[in-house]
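Asker: Just dropping this structure here.
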């Protein structure tokens, strides 16, 4: 992987649950990292459910290795799109690069 291919700024977040001052539960997102990534769209398909057309796009993102990322996390692209991570792959098990297989969230 050449660093020049990593030309998109992304933010990786994990779900976080905190308590407010009244003892209630507040769910949000905590920052894991903000980094550069190579973003490749893989497929796009249309779903026809209840006579409503929906589109789904999947992506492959390659970033430098980061620990602690799993399928519960999400990625924010610099153009405002939100991607849900479906798989995390440590390339060649060398802890140098990680691929995220993602789908675009509505």
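Asker: Please enumerate the residues belonging to the stretch 10-24 that are assigned to a strand (DSSP E or B) and at pLDDT below 90. Outline the logic, then answer.
Answerer: Pass one, the stretch 10-24, residues assigned to a strand (DSSP E or B): 10-19.
Result: 18, 19.
Asker: Quick one: would you say residue 100 is modelled with pLDDT of 90 or more and either at negative phi or assigned to a loop (DSSP other than H, G, I, E, B) (or both)?
Answerer: yes
Asker: For residues that are surrounded by fewer than 16 Cβ atoms within 10 Å (Cβ to Cβ), more than 10 Å from the chain's Cα centre (by Cα) and assigned to a strand (DSSP E or B), tally how many sit in the stretch 58-97.
Answerer: 3
To keep it simple, each residue is scored yes or no on (1) farther than 17 Å from residue 31 by Cβ; (2) in contact (Cβ under 8 Å) with a residue 24 or more places away in the chain.
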residue: 58; (1), (2): yes, yes
residue: 78; (1), (2): no, yes
residue: 84; (1), (2): no, no
residue: 87; (1), (2): yes, no
residue: 102; (1), (2): yes, yes
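The values are calculated or read from the model by the stated rules, or taken from the named source; none is laboratory data. This one's a predicted model, so the numbers in the text were calculated from it and none came from an experiment. Using ideal geometry, Cβ is built from the backbone for each residue, glycine included, and neighbour counts are taken over all protein chains shown.
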